[in-house]
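What follows is one structure encoded as C-alpha cells, with my remarks underneath.
The values are calculated or read from the model by the stated rules, or taken from the named source; none is laboratory data. Values in this document were obtained by computation on a predicted structure and should not be read as measured data. Here the Cβ positions follow ideal geometry from the backbone for every residue, glycine too, while neighbour counts run over all protein chains shown. The accessibility values were calculated without ligands, DNA or RNA, using every heavy atom of the protein model including side chains. Shrake-Rupley method; radii C 1.70, N 1.55, O 1.52, S 1.80 Å.
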Amino acid sequence: MSAIKEIGVQRFARLGALSLALGLLAATIYAVWLGDYGVLEGHPFLLTWWVVALLFALGELLEVPIESRGEAHSVTFTEIAYVLGLATAAPGDLMIGRVLGGAIVLVIVRRQSLPKLMTNLSMFAAEAAVTCLVFRSLVGDASPTEVRAWLAFTLAMLSSHVLGVIVVSAGITILSGWAGSRMLRQVAIFGAIVNLANTSVGLAIIASLWERSTIGLLLLVLVFVVYLLYRAYARLTEQHKNLETLHDFTRALGGSLEIHELEQAVVQGARTILRGEQGALLLPPIREGESASRLLSTGDELLRTSVLPSELAADLRILLPEGSSRLYVPGEPLPGWLAEIGVKDAAIVPLSRDGVVAGAMVIANRLTEVSSFVDEDLRVIETLASHASVALQNGRLVAHLQYEAQEKAYQALHDEVTGLPNRTALRELLTQELAAAKRSELGVGLVFVDLDTFKEVNDTLGTTTSDRLLVEVRDRIQALLPDTASLARFTGDQFAVLMTHIVDEDEVLGLADSIHDEFDSPFTADSVSLQLGASIGVAMYPDHASTPDLLIQRADAATYTARLAGSGIELYAADTDPYAPRRLALAADLREALENGEVDVYLQPKVALVDGFVVGAEALVRWTHPRLGPLTPDQFIPAAEHTGVIRHLTLYVVRKALEQCRRWRDAGHDLTISVNLSARNLFDQHLVADIGIAIEAAGVPARALTLELTESTVMSESHRSMAVLEGLHGLGVGLSVDDFGTGYSSISHLRQLPVTELKIDKSFVATMTTNEHDAVIVRTLIELGARMGLDTVAEGVESTEAYDLLRTYGCQQGQGYLLSRPLPAAQFDAWLSRQDVRRIDRGEEVVMFPRGRRAAGEES
C-alpha cells in the first residue's frame, strides 16, 4: 500500500469516528427530548417528510460556494427550508427531510465519496436535532408571528450554524490540516450574516402564510432573483480570480526554481486552480538512461517516485489512449497507483516535448459545487499544461546542463578508472589541509606509491586488465587507511595518500610500511596472478615543505630515490633530492663545465668474442668538479635530468664520441662507438635532428654510432618516445637495449621496436660461471637475441672462463675488465695500438686477440 493511501485510510477513519459521534448526538436528542413533539398549533398547512426533503434539496442546489485550503463547503438557502419546517412539520419529519434532501444532492448530483457523504449526512442529522431542540425549548406556545417566536427561530438557526461551522472545521482539519483561526472567523461571520438574512426571509414567508397572505411568495421571487444576480457576480469574480491565479501560476513557473521545486509548483498550482483533491505529474527522464518521475499530490503531501521509462510509457497509454486531452469517465481503466486513491472524476492532459507526448498532468476529484470536471475545466488545464510544458522543458534543460557541468567538474577532479581524486583535486585538498594544519599546529604527511612494473603489465596484458589492476590496488590501499587519510591517483602509475592531524612522522612511515607490505601479496587480474613492486616516498609538513607544490615535489623526489636505491620506502632527504638547491647548483656547474670542455669522455672497448678483434667502444662520461673532485655519473646525471642540462650533456658526449670515431676511421680502424641515452632524451623533440647533424659534422657512417637505452626506458609505451626511436632508426644508427634481463619486458612489444642490439646485464655475466641459474638466463637471452635477429653484447666479462662460456653460447661481443677498464681517449688510443682491430681494409691478416692480456690500466 502506498504512503498516500495509508495516510488517506487514517484520515477517513477519523472522519468515520466524527460521523458516528454526530449520528449518536442526533439520535440521543430525538429519543430524549423531541420524540413527543408534533406540529405547532395553528399551522396553516402540514409539511410531510418528503416535502421537507424536496425543500432542503432545492436549498442545497441553490448554494453559494466558499472554499478553504482546497476543501469546499458552502452557504446555502437551507435556512429558509429550516424555518418552514420548524413551523409546519414535526421534529421527526424535519430531521428525516433534512437528511434525505441532503442525500439526494450529495449522492445524485455531487457524487461524494462515502466517507465524506457519511460525515455530511450525520452533520445534517445533528444540525436538525439541535435546531429543533433549541426552537422547541424557546418557542413555547407563541405564534410564529410573535416577536418571542422570532427570537426562538433566530437562536435555533444560529445554533445550527455554529454546529455546522464546528463540524466543517473539524472535517477540514482531518483532511487538510488546521485552516487557521482567521479563515475560521471569516467563514463563521459571513455564514452568520447569511444565516440571519435567510432566517429573516423565512420568518417573513411564515408570517405571511400564517396570516393567509401571498406576500411571502413575492419574497421567494425576490430571493430567487437575488440568488441569480449573486451567481452571476460569483461567476465573474471566479473568472477574475482564475485569471489572477493563472497569472500567479505562470509567474511562479517563470521564476528561477530548482527543477524539483518547479515540478512541485506545477502540480500543486494546477490542483489549486482546478480545485482538485489530488494531482499527478508524469515526467520523462531528464537524461537518457535515467529514471522517469511520477509526482502524486494530495492535501499537503507530495510523493515523488522514480519509475522506469517503460512504466511511464505504459501509464501514458492508459491515461491518454489517443494522445489528446480528455475527461475521465468512471469505470475506465486507470494505472494501479492512481486507482488506489479512488478517482471518481479527473481531467487528463498531455505534456509535450518537441511535439511528442512525453508526460501527462492529472487533476482528480473535483472539490467544488459542481459534480465533476467539465469541458471548460479541460480548456483551463490545457492552458496550464501548455505553460507548464514550456517551463518544465526549460527547467529540465537547465537541470541537464547543471548535471553536465557537475559531471565535468567531477571528471576534472577525479580519475576516470578508479574514481579517486586526481592530481588537481589532491593539490586543492592539500592546500586546504595545510591551511588547517597551520592553525592546529599538527603535521601533514604525503605518501607517494609508485607502481614499479605497471607499464610492463599494461604492455603485456592490455589496458583493460591494467585498469582492473588499478582498481584492486585502490581497494587494497583504501582498506589500510585511517579516517584521517585520503587516497588519490596522482599519475598513471602513481597513487598518493594524504594524512592529516599527524603528531609523529612514525604514523606516516607506519602506514607506508603497511602499504609496501601489501604489495608482497600477488594481485589478480583476469585470472592472472601478478607480482607488483612499489616504490614509496614520504614527505612531511612542516619538516620538509611548507607549500603544497613543494610538498608534492619532495614526496616525488623521495619516491625517485626509493626507486633508484631499490629500498622500497624513503623519507625525503635533501641530499638525495634532484630538485634540492645543491643539485641545482651542481647542474649549473655542469652546464658551465660543458661549455668550457671540462667534461671527459672515457672509452671501454667491445671485442668480438669469436676472434678477439676490437670492434668498437662505449663512450662513458666522467667529470671532475673543481671543488667536489671526481664525480661518478650517478652523482651528476640525475641533476642534469631534472634541470634540462641532460640535452647538452648528451650532445656533448655524442659529438666527442663521433670525433673519436672519425679519428679511428682516419687511421683505418673499422670501429663503432656507443653512447648512453637518458630516458629524458626520448622526450626531446630535437634529439633526432641533433644526432643527425652531429653525424654529418663528424663525417662518419650512421651505422658507426650505437645509442644505448635501459630496458625500462626503451619499453615505455609513450607515443613521443616511440616517435623518437623511429626517427633515430631512420637515421641508420644502431639502437641497443642496455641491462637487458633485469626488467619486465614484453617480447611481442620488443619485436615491434627498432632495436638492433641486446646488452646482457653484468649481474648475470659476473656469476654465470658459478651460478647455474644465471648461466641459463644468459644462454636464454643470447638465444632470444639470435632468434630476433639482434646482436648480443655481454657486459661485465671479468674472467677467461666467462669469456669462453659466452663464446660457446654464441654471444657476439663482450666488454669488461678482462678486456679493459674505461680509459681516457689518449690512453685508449695507446692501448688500441697494441690490439688487433677490425680494419676498413678487409684483406689484412687476421691475428687472434690474446685473451690473457690485462687492461692497459693495469699494464702501466
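Numbers at a glance
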read-out: Any hit, the range 745-756, residues being open to solvent by less than 10 Å² (accessible area, probe 1.4 Å) and closer than 19 Å to Lys606 by Cβ; value: no
read-out: Test result for Thr559, polar (S, T, N, Q), outside any strand (DSSP E or B) and modelled with pLDDT under 90; value: yes
read-out: Residues within the range 135-151 that are crowded, with 21+ Cβ neighbours inside 10 Å and modelled with pLDDT of 90 or more, tallied; value: 1
read-out: The range 654-677 - residue that is in contact with a strand residue (DSSP E or B) (Cβ under 6 Å, 6 or more places away or on another chain) and open to solvent by 10 Å² or more (accessible area, probe 1.4 Å) and, of those, farthest from Tyr602 (Cα to Cα); value: Gly668
read-out: Meets criteria (modelled with pLDDT of 75 or more, in contact with an Asp or Glu (Cβ under 6 Å, 6 or more places away or on another chain), outside any loop (DSSP other than H, G, I, E, B) and of a type outside the set (Phe, Trp, Tyr)) for Val357; value: no
read-out: Members of the range 416-440 that are open to solvent by less than 30 Å² (accessible area, probe 1.4 Å) and more than 18 Å from the chain's Cα centre (by Cα); value: Leu426, Leu430, Leu434, Ala437
read-out: Candidate set from the range 60-99 (those that are among the small types (Gly, Ala, Ser), out of contact with any Leu (no Cβ under 8 Å at 6 or more places or on another chain) and assigned to a strand (DSSP E or B)); member that is modelled with the highest pLDDT; value: Ser74
read-out: Strands (runs of 3 or more DSSP E) contained in the range 461-554 and holding at least 1 residues open to solvent by 40 Å² or more (accessible area, probe 1.4 Å) and at positive phi; value: 494-502
read-out: Qualifying residue in the range 420-430 (condition: of a type in the set (Gly, Ala, Ser) and either over 18 Å from Ala496 (Cβ atoms) or modelled with pLDDT under 80 (or both)); value: no
read-out: Strands (runs of 3 or more DSSP E) contained entirely in the range 269-318, each with at least 2 residues that are open to solvent by 30 Å² or more (accessible area, probe 1.4 Å); value: 301-307
read-out: One residue from Ala197, Ala204, Ala188, Ala179 being open to solvent by 10 Å² or more (accessible area, probe 1.4 Å), closer than 13 Å to Phe77 by Cα and at pLDDT below 85; value: Ala197
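Yes or no, residue by residue, for (1) surrounded by fewer than 19 Cβ atoms within 10 Å (Cβ to Cβ); (2) touching a His at 6+ places or on another chain (Cβ under 8 Å):
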residue	(1), (2)
Ala585	yes, no
Val607	no, no
Ala619	no, no
Arg627	yes, no
Leu631	yes, yes
